[in-house]
Structure formats: C-alpha cells, structure tokens
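Taking it in order: structure first as structure tokens, then the write-up.
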Amino acid sequence: MGDLADLTILDAGDGLRAGDFSSADLLEAVTRRAAVTEAHLHAYLTLDHEGAAQAAEAADASFAKGEDRGLLQGIPIALKDNMCTRGIETTASSRILDGWKPPYDATVVTRLREAGAVITGKTNLDEFAMGSSTENSAYGPTRNPWNTDKVPGGSSGGSAVTTAVGSAFGSLGSDTGGSVRQPAALTGVVGMKPTYGIVSRYGLIAFASSLDQIGPFSRSVADSVAMLDVISGFDPRDATSINAPVPNFGGSLDRGVAGLKIGVVTEFMGEGIDPHVITATRAMADRLAGAGAEVVEATLPSVEYALSAYYLIAPAECSSNLARFDGIRFGHRTQVEGTTEEMMAHTRAEGFGPEVIRRILLGTYALSAGYYDAFYGQAQKVRTLVRNDFTAAYGHVDVLISPTTPTTAFSVGEKAADPIAMYYSDLCTIPSNLAGDPAISVPIGLDDAGLPVGFQVMAPSLGEEVMYQVAAEVERLAGFTERALLATSTVVAP
Amino acid sequence: MSGWEAVIGIETHVELSTHSKMFCSCAVDVAGPPNSACCPVCLALPGALPVPNEKAIEGIIKIGLALECTINESSLFYRKNYFYPDLPKNYQISQYTFPVCEGGKLDIDVDGTTMTVGITRVHMEEDTGKSTHIGGGGGRIHDADHTLLDFNRAGVPLVEIVTEPDIRSAAEARAYGAEIQRIVFALGVSDAKLEAGSMRFDVNVSVRPVGDEVLGTRTETKNVNSLRAVQRAIEYEIDRQINVLETGGKVIQETRHWNEDTGVTISMRIKEESEDYRYFQDPDLLPLETSAEWREEIRRGLPELPAARRARFIDAGTDAVTAGLLVDDSDLSTLFEDAVASGASGRAVGIWLTGEVVAYSRRTGTPIPDTSLTAPHLGELTGMVDEGKLSFSAAKEVLIAVMDGEGTPGDVAEAKDLFQVSDSGAIESAVESVLAENPDAVNKIRSGETKPLGFLVGQVMRQMGGRADPKVVHSLLRKRTGA
Ligand SMILES: [Zn+2]
C-alpha cells in the first residue's frame, strides 16, 4: 500500500476503525495529492481547508468516543460546485454567481455532514452543468488526468477527476443527460445516476428539473453503494422526492450474474459509436455470459429521437430555471446604468457564458406560443415513447448494457466549436434521464491510446440493487486497476 | 349606452390567510418589517424548491365547493414566465390546464332579481412581492428613481376565481364582487379585506351592439381594489369603449390600469410580445391529487354560506334587506342567531339590530361587541315591547341605556320608570277626566268625525306620563265616545 489517497472508501474506513490512521491523515493525503494535481488538472474551484480540517477533527473525535455514523465518517468527499454549501462559495462555474455564498446547505450536503463525511471543497463543471467536457466553465477548463490534452468529460468533470486522481476519496456530481456517467467513463472511475426522486434535489442549482439527479463518483462499485446509502431517501423539501423506503442498494453485490438476463442495446452498438468501444463492450458482454448471465439483444427503437427530445426539454426547463439570475437578489449585477429591464438584460448577458445563453434561447423558443406544440410538446411525446421502450425491454431482461460513451476522451477544443458534436457524446446516457431510471458507468479497460473505456449498466426504476449486482460483476471481470498518470503524488510536474 | 350591451367577466384574486406561504414554511406576515418573512424558497435562491401547502389546497377546494365547481382529482401546476423585479423566480407558479376547480356557478341578487354567474375556473397560484417605486411622481416603475422590494408577500397563497362573461352591468359586477367577498369570508379562508389588498379584482369589459352574438374586443382593467372601484371602473370602461366605437374608432385589446383618484382607466401599453407567458408544467411539482375522501371531508366541514344564512334569517321573520344586512355583519348575525334561538321574534330583533343598534354603534364609534348588549337583552327587550310593557320610544331609551352598560332592559325600565301602565283602572280615570275637559271633541266624534280621537289619545297619554298602553287608551276612548 502506497499512498493513503489511493485507498477506496471502504478500505479507508477499515483503517480508520482499526486505528491505523486518522481522518486528519486521510485529509492530509488528499490535500497533498491536490497540491500536485491541481496545477495540471484544475478539478477544484474551492478547497475548504478550514472546514475540512474541522470536520476531520470532529470525525476523529467521534471515533475516539466510539461513535460511528457509518461508512463515510471521516472520509474526504468533494462536491460539484452546483450544490449549495452554507457559507462556502457556490458558483455553478458561472460568472453570474461569482462570490455567492449560499445561506443554506443542500440536502445531500446536510446528509454527508450528518454522516460525518469531510467535505474537501467544490469542483469545476460546465457552467450550470451545461456541457460534456468541463470546458464551459467561467473559471477555466478541467483536464483529463490520463492525458492532459484530453477533456475529462462533463459536466461533472471536476468531481470525476478528484476521485480519479485521489484528491478526494469520492465525490458527488449531478447527471442531467449523462453528466456523472460520461465523465466517469472518460476518467476511469465508477459514476452512477440514481432513479429520479431517490436523491433530493433541494439545494442543487437546477439545470433541468425533470432530469437532474445527484449521483456519486467512486473508485469502486461498493464505494458507490456506500455513498448512495448516505445521500438517498425521502426529503420533504423536494416535492419530486419519492416518499418510500429506498431499495437495499448493495444487497446483491456478491451474487454474481448467474441466472440474470442481460440485454445489449442494439442501437448503441453500431453507427455513431467508436469500433474500439464497441469491441470492448462486446467483450465484456461475452464475459458476463461466461459468468452465467443470459445475454440477449435488446432494442430501444425510439432512442434515435432521444437526443433531439432531450435538447428541447432540458433547454426549455433551463430557460425558466435560470430566469431567477437577474441581478436583483444575489450574484452578479451589471454596472451599466439603465432601466430595470436593461439592468436584468445586461446582468444576464455579462454573467452567462455562450453555451448557457444558447440553451436559454433554444428553450425560450421551444416554449413560445406557436412553437410549443412542434417542439416542447413533441419532445414530451418522444419522452413517453422512450419510457415505453424501456418498459417493454425490461419485460424481457433484468438490466440493459451499452457503452457509456460513443468514444473515449476527446481532445480539449475538439468539439468546443461544434455544439452538435458535443451533444452526441451524451447519446448513450440521455435515455436513462428521460426515463428516470438508474444507470451506472464502470471502467473496463483502456483503449489503444491509453484512455479509459466506460461500460454502462441500466436498470428499471428503483432497480439499483440489480444494477449494482451486475456492475460489481463487471468490476470483478474487468479487474481494472490502472491509475491515471497524475494519480500518484510522486509524479513530477511537467 | 342605448343600443349597446356590455359583456363583463371578472377575475378575483383572493389571498388565503394560511399560517405559512404556498410553497415554503415562511409565515404569512405581509405587514411585517420588509423582507422579514422570507427564506431561500420564496426568495428563489439557487437550488431552492417549492413544496405545496396542504392547508392552501384545502382552502381553494372550499372555495370551489362553495361555488359548486367540479374539484379535479388530479390538477397540474404550471409556470407562468415573465420578468418582473418583484417576482423572485421570474416565473409565477400558477395553473393552466387542469386547475383545482372548474365549472361552477354563483347566484347573486341584483336589486331584488336573482341572476346566475358562471364560474369558469378557480385556480391556485402564488402572490408576488411588493414594489414601492420611489421618485418620478407616477408611482410606476418606468419613471421611478429607484424601487424598493419587499418579498414578505412573495409566495403567499393566492386563489384566482374566473367568471364566464355573464355579467352585463357595473351593478351586477359589484353585486358579484360583494357576494364573492361574503363567501370567502364565511369560509374562513381569507380575511377578504379589499382595503388591505387581500382581495383584488381584474375586470374584463367589452361592448357590442344589442342583439349581436359576436363579442366585442375586450380590455382587462387591473388595480381595481374596492367594490366601488369595480362599479366605477366598469362604468368608465363601458362609456369609453362606446365612445371609441361611436366615433369610428376601434377598441384595442390591452391591459388598462384603474386610477382611483382620477376615476379613469389608462392603457398600460404592454408590448405584444411580452404577453407570451410560455406556460409549461412545473417540473418541480408533481400532479396534485385530491382523493374523494379528502374532498368529501372538506365538503362536510363547510360552514353555512351567506345565501343559505340569508334564507334562514328570512324564515326566522326578517325581510330580505334586513337579512342581507345581518348576514354581512358577523356581530349582528351572531346576536341575531342567539336571540332568535332563545325564542325572540326574528322580525323584531332584526329591526332593532339593523336600526337602533347599528345607529348607536356608529354614533358612539363603539364596535357592537364592545357595548354591553347581549342576545338575552334583545330577547327581553323585544319581549317587553311585544307584551305591551314598553312603548317603542321607551324601548329605544332602554336599549341605549343597556348598551351603555346600565343593566338589563328590565332593570333599566324599572329604574327609569318607563313601563307602560296597562292597569285599566288608572287609565279609565284619566280617560274620564280628559272626556270631561274636552266636551267639544267628544261632540265632534259623536257626530262622526274621527280626527279628535287622536287628540284625545294624546291628552290621555300626557296625563299618564307616556306610560299608558296606547292600544288600551284607544279602545277605552272609542267605547266611551261610541266612535
Ligand atoms: Zn419562504
């Protein structure tokens, strides 16, 4: 065992409980790691040294008193900077929230604190979670630790990278169209989007309310379960929160896949998907069959329209969700003198980046009188069709599998000027958001260029247990132990 | 307006007097220090989410049931998108298709005639904050130097009641507004104070030639904040539109603003494109389900409505006008109910309450509950008048003393020696002496004139110090003079 920063959450927890090291030691390890990696990767926007040190001290005091609040006690965790943290700057990577310190904690933050987790800081993202590369940040891009010429994916690229390189033991992202799973795939970590409604959105700065869901990044499937256990559950402050007991997420982690019926999504194994990615996915499907699963072809005929529907629904919701950023009550306000309307307009033009403005305009248009039926209304119909496709598929199979992303990590700047090409990187992840179902990305190897390949497991609503069951088997079969070049503290700055 | 017919629809906004706001747990305290009753939700801070207030939903269902609406089993919240500084989210959570209540009606009485106003829908929404425009003189945002914002009112539950275009005159509109106010107050869901802004009206007015089926172009007038303003604004708007049409002009579909001081409506010059609210279903809120059991439980808990109460008061002996006056005043109606329940004459109690009791309260500036008057007092007083123990004028004197706190009607009448004398012996001797003193009058009566009889009654009453029962005096005199 080398550096503490490379431990999984569960192993770190064992060490804490055995008295091998303290929470303060773990925090020191990730802080030291960040000191090396941040200059190259820019995963963090804010490191809360003081708050983290206090939390680590409190966790160590708890252990000393024999108090144990569960698997995250004393574990350093990073948060995507679109989750409100009381008194700690929360920007959603936007100029419009520059310097804004929320007066309240998001529900997930409260739950992490109550579980004794140590919050290290806030991570970079595409502005308001709109993007797939973490290049659309007002504070500069985050880079991929496997190759700093590549993007880490997005929008939760910062969180993915902290977990990948050990500047946190795990992290939270938000997934609206793949914003956890896609960067997880591109950085070689486990990234999971829960069933819509099992993790509270209260305090998550909304992008598209009907699609947004907070999910964990981790370095193992079991760690993912541990994190989801803490952040999930009914929240009376979120009206879309499911008021029912949460499933036993980790109940079947060790059961293997014998007897399970697994569907390979035909639509994601052909056109538009990199052949190397298809090959890797197919190889893993075969190994699952070898492990006793019945692997069949499954079809989701409507998913060819899913991307278009998503890029109407998400912008429509965002055009309304982002209306509150007007310079009146919080955040950036223009210095330009003028009428109230001019003040709002200038504030928004100055505060929002180009991708955010593009989506607000697109969404405003899609909801406008005379266009609603053709755009937003039609997109909602497609959403229903996609849901029906999934329901039909789950009539035959327990889970669906596919690549997480059409390609491995692409180059910085490669798609920045071509929004449509960028949107296509969410091709395989968007359908689960439209359906509200859980899905996870597990790293299964490296491509010829040495970049990680992600493997997606999708399950029906509240089917996290079987999803994790299959993901755990994928993890065992892949035996993916490679770590990013920058994921060791011994690396010398280039 | 001869040759023209007005077509009027009314939107009534009612602020519900729930303890907490529509979508957060902030107290409803509109009058508190500015921005003292706010939280991340009603200030629309990033990340905050709305959660519906069940009490408010109960309130709107009560209103819907009182207006004989269908209560939808499942209703939807929508976002109404527009930018305005006192609208924190820059969208208002409201309803569009599937409001909580649809398709009701309300019977109103206009100058003794009953008419029915159709209710299109009753929907739930949230109020905005309050802007105070400083400088510029107009009290409007466009020419103000700066604007102060108070978000205490932001998110207060607001119910909107929309009528069919069934109303044809300003008087009908006013009667409708008054009846809605009574109902909402009786339901206990709002303080229904127009002067405090907890009830407000928007009036939609169009005119068309009598006999035309097609509706004319309508205007919507806002800032109509009293029943009198409803009447005046509509009268003004009808006259203005007729004048426009008669002089060859066209009525423009627009929003207008009623100016109470100048008594005119003015165009708000809202640009065409800003009227597109881009309604879409609010993804933060699930469909609102109202179970049949819940709806039935609310129905069973409904209080008596003003119309039913008026009918009951009329059954108890009052006339329609008195019943209306009593029902409109909860102090009067409580006294009335209690007095009648203990056996007093409804007719008599109604007259005393709406006459002398109200007059006393106005004259002295004392609210009725602050006087010493009780329902048993009213029963005792009207009973004594009925039994002939007190003359009407004596009873009035007794009532005033009772309200002043001098004691029960019986005690007061005793102390002031106001009881009528019904003892025929005493009256007979007075009659005899009056007859003896006025032979001329007696002779005139005997020759067929009736006028002097009244004079003789007056003379006897004077001798008796006003305490004789005039009926007894009258009958004795008739007997003795043969009239
Ligand atoms: Zn509030």
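The values are calculated or read from the model by the stated rules, or taken from the named source; none is laboratory data. Please read these numbers as outputs of a predicted model, since none were measured by experiment. So basically every Cβ, Gly included, is an ideal-geometry build from the backbone, and we count neighbours across all protein chains shown. Quick note on the areas: whole protein, heavy atoms, side chains included, nothing else; ligands and nucleic acids left out. Shrake-Rupley method; radii C 1.70, N 1.55, O 1.52, S 1.80 Å.
In what sequence, largest accessible area first, do B:H146, A:H396, B:H377 appear using a 1.4 Å probe?
A:H396, B:H146, B:H377
Taking square-rooted eigenvalues a ≥ b ≥ c of the alpha carbon gyration tensor, is the stretch A:86-187 rounded, prolate or oblate, where a/c under 1.5 means rounded and, failing that, a/b exceeding b/c means prolate?
Details: a/c = 1.88, a/b = 1.30, b/c = 1.44.
Because a/c hits 1.5 or more and a/b fails to exceed b/c, the stretch A:86-187 counts as oblate.
A drop of at least 10 square angstrom in accessible area, chain alone versus all protein chains together, probe 1.4 Å. Which residues of the stretch A:77-109 meet that?
A:W100, A:P103, A:Y104
Need one word for the stretch B:159-298: rounded, prolate or oblate. Basis is the Cα gyration tensor (sqrt eigenvalues a ≥ b ≥ c); a/c below 1.5 gives rounded, then a/b vs b/c decides.
On the way: a/c = 1.90, a/b = 1.50, b/c = 1.27.
Prolate, because a/c is 1.5 or more and a/b exceeds b/c.
State the cysteines of chain B left without a partner when partners are defined as other cysteines whose beta carbon lies under 4.7 Å away.
If one checks each Cβ against the other cysteines of chain B, B:C24, B:C26, B:C38, B:C39, B:C42 turn up with nothing under 4.7 Å.
Sticking with the crude label model, points 7 Å out along Cα→Cβ, report the distance from B:D338 to A:I357 in nm, one decimal please.
About 7.0 nm, to one decimal.
Can you give the helix-only mean residue ellipticity at 222 nm for the protein assembly as shown, where every DSSP H stretch with n ≥ 4 adds -39500 (n - 2.57) and the sum goes over all residues, rounded to the nearest 500 deg cm²/dmol? All intermediate terms of the calculation are to be shown ahead of the outcome.
On the way: 31 runs with 364 residues, N = 977.
When only DSSP H runs of four or more count, the value is -11500 deg cm²/dmol.
Among A:W100, B:W4, what's the order by accessible area (1.4 angstrom probe), most exposed first?
Values: A:W100 25, B:W4 50 Å².
Putting A:W100, B:W4 in descending order of accessible area: B:W4, A:W100.
Among B:P283, B:A144, B:F455, whose Cα lies farthest out toward the positive end of the dipole of chain B, if unit charges sit on the beta carbon of Lys, Arg (+1) and Asp, Glu (-1)?
B:F455
What helices does chain B have that are whole DSSP H segments, at least 15 Å long along their own axis by Cα, and with mean Kyte-Doolittle hydropathy of 0.0 or more? Please list the in-between numbers first.
Numbers: long enough: B:54-66 (18 Å, 0.75); B:170-187 (26 Å, 0.52); B:227-246 (28 Å, -0.31); B:330-341 (16 Å, 0.45); B:375-386 (16 Å, 0.18); B:392-404 (18 Å, 1.16); B:424-437 (19 Å, 0.63); B:451-463 (19 Å, 0.22); B:470-481 (16 Å, -0.59).
Long hydrophobic helices here: B:54-66, B:170-187, B:330-341, B:375-386, B:392-404, B:424-437, B:451-463.
Work out which residues of the stretch B:13-48 lose at minimum 50 square angstrom of accessible surface when the other protein chains are put back, relative to the chain isolated, with a 1.4 angstrom probe, and list them by number.
B:L45, B:P46, B:G47
Accessible area of chain A with a 1.4 Å probe: how many percent of it is carbon plus sulfur? Present the calculation step by step, with values, prior to reporting the outcome.
Numbers: 8830 of 16530 Å².
Percent of accessible area from carbon and sulfur atoms in chain A: 53.
If you take each beta carbon of peptide A:322-333 and count the beta carbons of other chains within 10 angstrom, what is the mean? Can you show the working numbers first?
On the way: counts 2, 10, 10, 3, 8, 1, 11, 10, 4, 2, 0, 0.
Mean partner-chain Cβ count within 10 Å for A:322-333: 5.
Checking the a/c ratio against 1.5 first, then a/b against b/c, what shape does the Cα gyration tensor give for the stretch B:311-415? Don't skip to the end; give the middle numbers.
Working: a/c = 1.84, a/b = 1.26, b/c = 1.46.
Oblate, because a/c is 1.5 or more while a/b does not exceed b/c.
For a quick check: with amide H placed at 1.01 Å from N, whose amide H comes under 5 Å from A:V296's, ignoring anything fewer than 5 positions away on the same chain?
A:I262, A:G263, A:V264
Ignoring ligands, DNA and RNA, what percent of the 1.4 Å accessible area of the stretch B:311-415 is carbon and sulfur?
On the way: 2460 of 4820 Å².
Using a 1.4 Å probe with all protein chains present, the stretch B:311-415 comes out at 51 percent carbon and sulfur.
Give me a single rounded figure for B:283-289: the average over its residues of other chain Cβ atoms within 10 Å of their Cβ.
Details: counts 12, 9, 3, 4, 0, 1, 0.
Whole-number average of other-chain Cβ neighbours for B:283-289 is 4.
Cα-based Rg (one decimal) and Dmax (whole number) for chain B, in Å?
Considering chain B through its Cα atoms, Rg and Dmax are 30.3, 101 Å.
Mind giving me the nanometre distance, one decimal, between the label points for B:D239 and A:H49, set 7 Å out from Cα along Cα→Cβ?
Output for this residue pair reads 7.6 nm.
When ligands, DNA and RNA are left out and all protein chains stay put, how many square angstrom of accessible area per residue does the protein assembly as shown have with a 1.4 Å probe? Display every interim value, and only then the final one.
Details: 38730 Å² over 977 residues.
That works out to 40 Å² per residue.
For the stretch B:424-481, what relative contact order do you get, as a whole percent, if you take Cα pairs closer than 8 Å and at least 6 residues apart?
Values: 42 pairs, mean separation 23.5, N = 58.
Answer for the stretch B:424-481 is 41 percent.
On the protein heavy atoms, probe 1.4 angstrom, tell me the percent of accessible surface of the stretch B:424-481 carried by carbon and sulfur. Display every interim value, and only then the final one.
Working: 1680 of 3320 Å².
Here it works out to 51 percent.
Kindly state, as a whole number, the per residue volume in cubic angstrom of the convex hull around the alpha carbon atoms of the stretch B:424-481.
Numbers: hull volume 3.7 nm³, N = 58.
It is 64 Å³ per residue.
If you average the sequence gap of Cα pairs under 8 Å that are 6 or more apart and divide by the length of the stretch B:350-439, what percent do you get for the contact order?
Values: 55 pairs, mean separation 21.7, N = 90.
Normalised by residue count, the contact order of the stretch B:350-439 is 24 percent.
Could I get the Rg over Rh figure for the stretch A:1-98? Both from C-alpha atoms, Rh via Kirkwood, rounded to two places.
1.01
Toward the positive end of the charge dipole of the protein assembly as shown, about the Cα centre and with charges on Cβ (Lys, Arg +1; Asp, Glu -1), which of A:G191, B:C101, B:A348 goes farthest?
B:A348
Mind checking A:233-241 for the average number of partner chain beta-carbons within 10 Å of each residue's beta-carbon?
Working: counts 0, 0, 2, 2, 8, 4, 11, 6, 3.
Mean inter-chain Cβ contacts per residue within 10 Å come to 4.
At a probe radius of 1.4 Å, figure out the B/A buried accessible area, summed over both chains, and give it in Å² to the nearest 100. If you can, show how the numbers build up before the last one.
On the way: alone 23620 and 17870 Å², together 38730 Å².
Looking at B and A, the buried total is near 2800 Å².
Restricting to Cα pairs below 8 Å that are 6+ residues apart, what does the relative contact order work out to for chain A? Please round to a whole percent. Can you show the working numbers first?
Working: 1231 pairs, mean separation 90.4, N = 494.
Contact order relative to length: 18 percent.
Hey, can you grab everything whose amide H is under 5 Å from the amide H of A:G173? Only 5+ residues off in sequence or another chain; H modelled, so Pro and N-termini drop out.
A:G215, A:F217
Can you sort B:C24, A:C318 by solvent-accessible area, 1.4 Å probe, largest first? Write down the numbers at each step before the final one.
Details: B:C24 20, A:C318 0 Å².
These residues rank, largest area first, as B:C24, A:C318.
List the extent of the Cα atoms of the protein assembly as shown along each of their three principal axes, largest first, rounded to whole Å.
140, 77, 57
Suppose every Lys and Arg Cβ carries +1 and every Asp and Glu Cβ carries -1, with no other charges. What dipole size does the protein assembly as shown come out with about its Cα centre, to the nearest 20 debye? Show your work: numbers first, answer last.
Details: 83 positive and 131 negative charges, 227 e Å.
In total the dipole reaches around 1100 debye.
Can you work out ³J(HN,Hα) from phi for every residue in the stretch B:125-132, in order, using Karplus 6.51 cos²θ - 1.76 cosθ + 1.60 and θ = phi - 60°, giving whole Hz and x for Gly and Pro?
Per-residue couplings from phi come out as 8, 10, 7, 8, x, 10, 9, 10 Hz.
Within the stretch A:41-59, name every residue whose backbone N is under 20 Å away from a label modeled 7 Å from Cα of A:R86 along the Cβ vector.
A:47-59
Under 5 Å between amide H atoms, partner at least 5 residues away or on a different chain: which partners does A:L45 have, H built in plane at 1.01 Å?
Under 5 Å from the amide H of A:L45: A:K122, A:T123, A:N124.
I want the local charge near B:P209. Using Cβ-Cβ distances under 12 Å, sum +1 for each Lys or Arg and -1 for each Asp or Glu among the other residues.
My count for the surroundings of B:P209 gives -3.
What dipole magnitude, in Debye to the nearest 20, does chain A give about its Cα centre under +1 on Lys/Arg Cβ and -1 on Asp/Glu Cβ?
Working: 35 positive and 58 negative charges, 114 e Å.
Once rounded to the nearest 20, the dipole reads 540 debye.
Can you run phi through the Karplus equation (6.51, -1.76, 1.60; θ = phi - 60°) for the stretch A:426-435 and list ³J(HN,Hα) in whole Hz, with x for Gly and Pro?
9, 3, 8, 9, 4, x, 5, 5, 4, 7
Which of B:L158, B:A311, A:I360 sits closest to the plus end of the dipole of the protein assembly as shown, meaning its Cα is farthest towards the positive end, when Lys and Arg get +1 and Asp and Glu get -1 on the C-beta?
Looking along the dipole axis, the top candidate is B:A311.
Taking θ as phi - 60°, what are the ³J(HN,Hα) couplings along the stretch B:109-123 by the Karplus curve (6.51, -1.76, 1.60), each to the nearest whole Hz, with x for Gly and Pro?
9, 10, 6, x, 10, 8, 9, 10, 10, x, 9, 5, 6, 10, 10
Accessible area of B:L227, 1.4 Å probe, to the nearest 10 Å²?
So the heavy atoms of B:L227 present about 30 Å² to solvent.
Sketch the reach of a paramagnetic label on B:R347 as a point 7 Å from Cα along Cα-to-Cβ, and name the residues of the stretch B:317-336 whose backbone nitrogen lies under 12 Å away.
B:317-319
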